Amino acid sequence: SRKCASKALAQGQSLYIIPGGEEENVLTHYGKDIVVLKKRKGFIRLALSYGADLVPVFGAGTTDTFVTYPELFGIRKWLQKRFRISMELYRGRWFTPLPFTNTPQRVLIGKPIPTPTPEVKGAKPDDALVDEYHAKYIAALKELHDKHVKDRPLIIL
């Protein structure tokens with residue numbers, strides 16, 4: 001929750017946040033690197049509120065551990081939005097829920113993006129500053145992906 005995240009940042013702790021959440025799960029597609037990020041600015045606002053660095057992180061190869069199916073996408077998307085239930089249709093090895101084992105996976109960690117120290121910790125940052133750092137984060141994530149993943153583009157929704 002935002003309350004727990006704010007408390008952790010106020011104590012100087014680090015957080016790992018997946019901004020795409022359930023929506024990104026529903027949109028997962030075998031062979032594609034899709035992240036839901038264009039309208040997700042809450043994590044940027046939170047970092048700016050406490051002067052926490054933003055570190056771009058990407059799991060390369062994770063979408064290839066299972067074959068996913070787009071069937072019933074509309075219903076699945078509605079369930080995700082309405083009830084926050086993420087229902088994926090997928091299969092792994094031998095048409096079971098076992099993941100494919102021949103899929104290389106890497107966790108890519110980019111350079112930290114320092115944020116300015118706020119005058120008052122926890123104060124809401126200016127929207128223009130949020131937009132600026134959101135753009136910096138997206139650019140850094142694209143750069144990280146492009147440097148290490150050569151067989152497919154990063155799709156940012």
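Tallying residues that are in a loop (DSSP other than H, G, I, E, B), in contact with a strand residue (DSSP E or B) (Cβ under 8 Å, 6 or more places away or on another chain) and open to solvent by 90 Å² or more (accessible area, probe 1.4 Å) within the range 105-128 yields 1. Number of residues in the range 10-56 that are free of Cβ contacts under 8 Å to residues at least 12 places away in the same chain and under 19 Å from residue 125 (Cβ atoms) equals 2.
Would you be able to say whether some residue in the range 86-104 is hydroxyl-bearing (Ser, Thr, Tyr), touching a Leu at 6+ places or on another chain (Cβ under 7 Å) and either at pLDDT 80 or above or part of a loop (DSSP other than H, G, I, E, B) (or both)? Spell out the reasoning first.
Taking the range 86-104 as the starting set, the residues that turn out to be hydroxyl-bearing (Ser, Thr, Tyr) are 86, 90, 96, 101, 103.
Add one more test, that the residue is touching a Leu at 6+ places or on another chain (Cβ under 7 Å), and what stays is none.
Looking through the range 86-104, none of the residues is hydroxyl-bearing (Ser, Thr, Tyr), touching a Leu at 6+ places or on another chain (Cβ under 7 Å) and either at pLDDT 80 or above or part of a loop (DSSP other than H, G, I, E, B) (or both).
Look at (1) closer than 25 Å to residue 150 by Cα; (2) at pLDDT 90 or above and you find that residue 51 fails only one, number (1).
Scan the range 6-32 for residues that are open to solvent by less than 40 Å² (accessible area, probe 1.4 Å) and touching a Phe, Trp or Tyr at 6+ places or on another chain (Cβ under 8 Å) and the total you get is 4. In the range 1-54, of all residues being assigned to a loop (DSSP other than H, G, I, E, B) and of a type in the set (S, T, N, Q), the one that is nearest to the chain's Cα centre (by Cα) corresponds to 28.
Would you check if residue 95 is surrounded by 12 or more Cβ atoms within 10 Å (Cβ to Cβ) and not basic (Lys, Arg)? Criteria not met by residue 95.
Taking the stated definitions as given, is residue 90 farther than 23 Å from residue 11 by Cα and open to solvent by 80 Å² or more (accessible area, probe 1.4 Å)? Walk me through it before giving the result.
On the way: farther than 23 Å from residue 11 by Cα: yes; open to solvent by 80 Å² or more (accessible area, probe 1.4 Å): yes.
For residue 90, the condition - farther than 23 Å from residue 11 by Cα and open to solvent by 80 Å² or more (accessible area, probe 1.4 Å) - is met.
Considering the range 134-155, the residues that are among the β-branched types (Val, Ile, Thr) and within 15 Å of residue 109 (Cα to Cα) include one that is modelled with the highest pLDDT, namely 138. Only one of the numbered conditions (1) among the hydrophobic types (A, V, I, L, M, F, W, C); (2) touching a Pro at 6+ places or on another chain (Cβ under 8 Å); (3) open to solvent by 70 Å² or more (accessible area, probe 1.4 Å) is not met by residue 83, and that is (2).
Right, residue 59: open to solvent by less than 80 Å² (accessible area, probe 1.4 Å), closer than 24 Å to residue 152 by Cβ, in a loop (DSSP other than H, G, I, E, B) and at pLDDT below 95 or not? Give the steps one after another, and end with the answer.
Working: open to solvent by less than 80 Å² (accessible area, probe 1.4 Å): yes; closer than 24 Å to residue 152 by Cβ: yes; in a loop (DSSP other than H, G, I, E, B): no; at pLDDT below 95: yes.
Considered against the rule, which asks whether it is open to solvent by less than 80 Å² (accessible area, probe 1.4 Å), closer than 24 Å to residue 152 by Cβ, in a loop (DSSP other than H, G, I, E, B) and at pLDDT below 95, residue 59 comes out as no.
The values are calculated or read from the model by the stated rules, or taken from the named source; none is laboratory data. Treat the numbers as computed from the prediction; the structure is a model and nothing was measured. All Cβ positions, glycine included, derive from the backbone under ideal geometry; neighbour counts span all protein chains shown. Areas reflect the complete protein model, heavy atoms only, side chains present, ligands, DNA and RNA absent. Shrake-Rupley method; radii C 1.70, N 1.55, O 1.52, S 1.80 Å.
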